[in-house]
1. Connecting C-alpha atoms closer than 10 Å in a GNM of chain A, tell me which of A:50, A:140, A:186 has the biggest fluctuation.
2. Determine how many Å³ per residue the convex hull of the Cα atoms of chain A encloses.
3. Report relative contact order for the range A:1-111 in percent, whole number only (criteria: Cα-Cα under 8 Å, sequence separation at least 6).
4. Among all the lysines, which ones have a C-alpha under 21 Å from residue A:118's C-alpha, if same-chain residues fewer than 8 places away are not counted?
5. How about the range B:33-118: which trypsin sites (Lys or Arg not before Pro) there lie in a loop by DSSP and see at most 10 other Cβ atoms within 10 Å?
6. With respect to the cross-link table entries A:21/A:91; A:21/B:12; A:181/B:12; A:91/A:111, which display a Cα-Cα separation exceeding 30 Å?
7. Under a GNM of chain B (C-alpha, springs under 10 Å), which listed residue has the highest mean-square fluctuation: B:75, B:20, B:30?
8. Can you give me the relative contact order of chain A as a percent, contacts being Cα pairs under 8 Å and 6 or more apart?
Amino acid sequence: MSDSNLAHHFDTPTQQFEAAKLGMWLFLATEVLFFGGMFAGYTVYRTLHPDAFAQGSSHLDLVLGTVNTAVLLLSSLSMALAVHAAQTNGKRLAQFIGATALLGIVFLGIKAVEYRHKFHDHLVPGEDFGTGTHAETLLPSTELFFSFYFAMTGMHALHMVIGLGLLAWIGIGASRGRFSKEYYTPVEMIGLYWHFVDIVWVFLFPFLYLIG
Amino acid sequence: MDRSHHHVIEPKTYYTVFAALLVLLVLTVAAAQIPNPLVNIVVAITIAVVKAALIVLYFMHVRYSNSLVQLFVVAGFAWLMLLIALTLSDFSTRGWDRWESDIDRGRPPIATETMALE
């Protein structure tokens, strides 16, 4: 009896699974450098303008940022439980995937609220920056901090949106009974991706919200 | 047909890791209240690294993966360390603001034959 999930160039399902893991980690390594470039740039400019970065950070909402971090950590837990369900032919695979996606949407919603506050307070880099009520007290390089803030959290949010699309894909597959303990490779791979996006935020949060 | 022996981590481990992550989150927010900026950065980075390590080892199953996967993981972060270390060693050894340069004197920074050593 042939395994329709086993591609012809692999000898065993385990070999295929391990190869998929290597491929995904190779991709994640490129993502580490991708975000790493922005972290490196951030490190340089924070060293050069420590006061402006501290000032910019003080304008971010610490409560929303902390809540968002907890939301993402919880979504990683539900993703890990989803993989466990797949590994054990558990009944709740689709629910755990759904919970992960829901938490991801909550995260993006809170981010949207934060972005709206920034637009409202004239803290978006560009012509409009600093034209709000605290224009007199802003240091010149604080605009640079906000450039980093929007670039890094924006890129992270884009990765979240992509992750949501991937979760929808395996969520549909899960509800159709596509996965089992014999074959759950896509669930594991998207789990790796999702955890990685969580790790990026684990570093973004202290670097942006907790300066000074 | 081979029996795939993927290590299954019990949910209890996941819950414990999650609880640890939340505790670390509270710690990192609390540590940010300490007025010393150097302590702030060191504690923040340390806690972030510990959280990331927990997620990598347990949620991403790297603790129970084969050594090739573990090598790939380490390699990715090693290259990031290289990026940051070499960039910072460049910036921290520049002489900006340390002595007056040609540009400060209003001259282009080009050597000419009549220029004396200063």
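Just so you know, all these numbers are worked out from the coordinates, no wet-lab data involved. Small disclaimer: the values here were computed from a predicted structure and weren't measured. For neighbour counting, all protein chains shown are included, and Cβ atoms are generated from backbone atoms with ideal geometry for every residue, glycine included.
1. Among A:50, A:140, A:186, the largest GNM mean-square fluctuation belongs to A:140.
2. Numbers: hull volume 25.9 nm³, N = 212.
Dividing the Cα hull volume of chain A by its residue count gives 122 Å³.
3. Working: 43 pairs, mean separation 20.0, N = 111.
For the range A:1-111, the relative contact order is 18 percent.
4. Hits, sequence-local ones excluded: zero.
5. Working: sites: B:51, B:63, B:94, B:98, B:105; in loops: B:94, B:98, B:105.
Within the range B:33-118, the qualifying trypsin sites (Lys or Arg not before Pro) (loop, at most 10 other Cβ atoms within 10 Å) are B:94, B:98, B:105.
6. Working: A:21/A:91 24 Å; A:21/B:12 24 Å; A:181/B:12 19 Å; A:91/A:111 32 Å.
Long pairs (Cα-Cα over 30 Å): A:91/A:111.
7. Most flexible of the set in this elastic network: B:30.
8. Values: 180 pairs, mean separation 69.6, N = 212.
33 percent.
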